[in-house]
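The values are calculated or read from the model by the stated rules, or taken from the named source; none is laboratory data. Since we're looking at a predicted model, the values are computed, not measured. Every residue, glycine among them, receives a Cβ derived from its backbone with ideal geometry; neighbour counts consider all protein chains shown.
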């Protein structure tokens, strides 16, 4: 195909520049809206053409130099070339556009964006591992953009510094394992005062491998685990390296423990600000009976209970329910109940004769459709605070809440949980008229 010259119109959902030429749509990574670029079409995929950037003839005033040396190859970040403030503007525009076009709704008030540090914020990550002799042996890192290959990282500007510093030594440790070709990933988690690594393995480690991992844990002052199958197969390489990770909600004086495989919000600063704002918007008081749906290990549940309300955390993962109960006991909160319910299969089962006057929803990317369609019409909570990691499914659920059930969208705004990426987290408040 021949080289083309055109102007970038917009950004796709994953941060690629959108270019239209003679009815064809091209996705060009590393470009920004308003830029005149030269590009080379590569292949057609899913109805659009993927293209390679050749030259930027007229750069955007919002363009900046990416901090990461792997930008453009690693698939972990896609917007490091865009000023952080403009990233927020783009994300907020995407949220409002989704709400209008998918949901047919518009918030009465736009919340101030919730932001935190742009670099070295990520306290959880899953690193891919692959043995590729032609590329020098063991590769450890994130997947390449639009590829199954691994970008081998010796540094990372988004990972918590305590995790990032381990990248070079991880290559050598895994290279020295007898079982090195059967380790597909390493999961990393950082708490307030400790770091844990989980080595996923498809075949058993030898005694020599266990000794090497134990030495690695001791020399680096970290916790090391192995995992042969599901979460129940997690095993510390030695009892002395096994203890709980934890993080704090400073504003509420809370401490939450979590395991190395447990889901937690990745950006500590942003999460603290998010929980504080959620509580301010939910306005819990002693007379409230609040349902925290998709509650995880109690990230919001404990703060609601600390404010004096009666709260039930509902979650399908029993291990998270158990951790939530431990966290409630650890913080001496006795008006908190944790209940195991699959909200996609048993949404109506959470009623149980009880009435909740307020809901907090923090669903996965697929949204809270079953709860919105089946439970809300029956219970009619006076207020719903909805934390979302997908503006499209939030907008779909907002359509039901506003246009079918008569709620009004009082507030909405973005939460920049993943700076430098196209990922959008958001927050919305619905009040019953």
- Query: Does residue 20 satisfy the condition of being surrounded by fewer than 13 Cβ atoms within 10 Å (Cβ to Cβ) and not assigned by TED's automatic domain parsing to the domain that holds residue 91?
  - Reply: no
- Only one residue in 371, 387, 415, 400 is farther than 30 Å from residue 286 by Cβ, touching a helix residue (DSSP H, G or I) at 6+ places or on another chain (Cβ under 7 Å) and touching a residue at least 12 places away in the same chain (Cβ under 8 Å). Which one? 400
- Does the stretch 57-74 include one or more residues that are in a strand (DSSP E or B), more than 17 Å from the chain's Cα centre (by Cα) and under 25 Å from residue 389 (Cα atoms)? yes
- Item | Yes/no for residue 281 being in contact (Cβ under 8 Å) with a residue 12 or more places away in the chain and under 21 Å from residue 328 (Cα atoms) | no
- Would you check if there is a residue in the stretch 123-141 being closer than 30 Å to residue 403 by Cα and more than 19 Å from the chain's Cα centre (by Cα)? no
- Task: Pull up the stretch 81-93, narrow it to residues that are closer than 14 Å to residue 17 by Cα and in contact with a strand residue (DSSP E or B) (Cβ under 9 Å, 6 or more places away or on another chain), then point me to the one that is surrounded by the fewest Cβ atoms within 10 Å (Cβ to Cβ).
- Result: 90
- Item | Matching residues in the stretch 260-273 - criterion: being touching a strand residue (DSSP E or B) at 6+ places or on another chain (Cβ under 7 Å) and either more than 15 Å from residue 427 (Cβ to Cβ) or surrounded by fewer than 21 Cβ atoms within 10 Å (Cβ to Cβ) (or both) | 260, 261, 264, 266, 268, 272, 273
- Has the stretch 287-296 got at least one residue that is out of contact with any helix residue (DSSP H, G or I) (no Cβ under 7 Å at 6 or more places or on another chain), crowded, with 20+ Cβ neighbours inside 10 Å and on the phi > 0 side of the Ramachandran plot? yes
- Message: I need the full set of residues from the stretch 263-273 which are out of contact with any helix residue (DSSP H, G or I) (no Cβ under 7 Å at 6 or more places or on another chain) and closer than 11 Å to residue 415 by Cβ, in order please.
- Response: 267, 270, 271, 273
- Message: Let me spell it out: the conditions are (1) at pLDDT below 95; (2) closer than 21 Å to residue 416 by Cβ, and residue 46 meets all of them except one. Which number is the exception?
- Response: (2)
- Note on the structure: Counting only strands (runs of 3 or more DSSP E) wholly inside the stretch 310-378, the ones holding at least 3 residues that are crowded, with 21+ Cβ neighbours inside 10 Å and touching a strand residue (DSSP E or B) at 6+ places or on another chain (Cβ under 7 Å) are 310-315, 358-361
- Message: I want to confirm something. Restricting to the stretch 274-286 and keeping residues that are in contact with a helix residue (DSSP H, G or I) (Cβ under 9 Å, 6 or more places away or on another chain) and farther than 15 Å from residue 384 by Cβ, which single residue is surrounded by the fewest Cβ atoms within 10 Å (Cβ to Cβ)?
- Response: 276
- Task: For residue 255, state whether it is under 30 Å from residue 306 (Cα atoms) and either in the same structural domain as residue 170 (by TED's automatic domain parsing) or touching a strand residue (DSSP E or B) at 6+ places or on another chain (Cβ under 9 Å) (or both).
- Result: yes
- Query: farther than 25 Å from residue 158 by Cβ and out of contact with any helix residue (DSSP H, G or I) (no Cβ under 9 Å at 6 or more places or on another chain) - does that describe any residue in the stretch 64-72?
  - Reply: no
- Can you name the condition, by its number, that residue 99 falls short on among (1) in contact with a helix residue (DSSP H, G or I) (Cβ under 9 Å, 6 or more places away or on another chain); (2) assigned to a helix (DSSP H, G or I); (3) under 30 Å from residue 43 (Cα atoms)? (3)
- Task: Provide a single number: the residues in the stretch 403-412 that are surrounded by fewer than 20 Cβ atoms within 10 Å (Cβ to Cβ) and either assigned to a strand (DSSP E or B) or touching a residue at least 60 places away in the same chain (Cβ under 8 Å) (or both).
- Result: 4
- Do we have residue 249 as more than 30 Å from residue 300 (Cα to Cα) and touching a residue at least 24 places away in the same chain (Cβ under 8 Å) here? no
- Task: Return yes or no: is residue 11 in contact with a strand residue (DSSP E or B) (Cβ under 7 Å, 6 or more places away or on another chain), modelled with pLDDT under 95 and either in the same structural domain as residue 391 (by TED's automatic domain parsing) or buried (at least 17 other Cβ atoms within 10 Å of the Cβ) (or both)?
- Result: yes
- Could we say that residue 385 is crowded, with 20+ Cβ neighbours inside 10 Å, over 30 Å from residue 71 (Cα atoms) and assigned by TED's automatic domain parsing to the domain that holds residue 342 here? yes
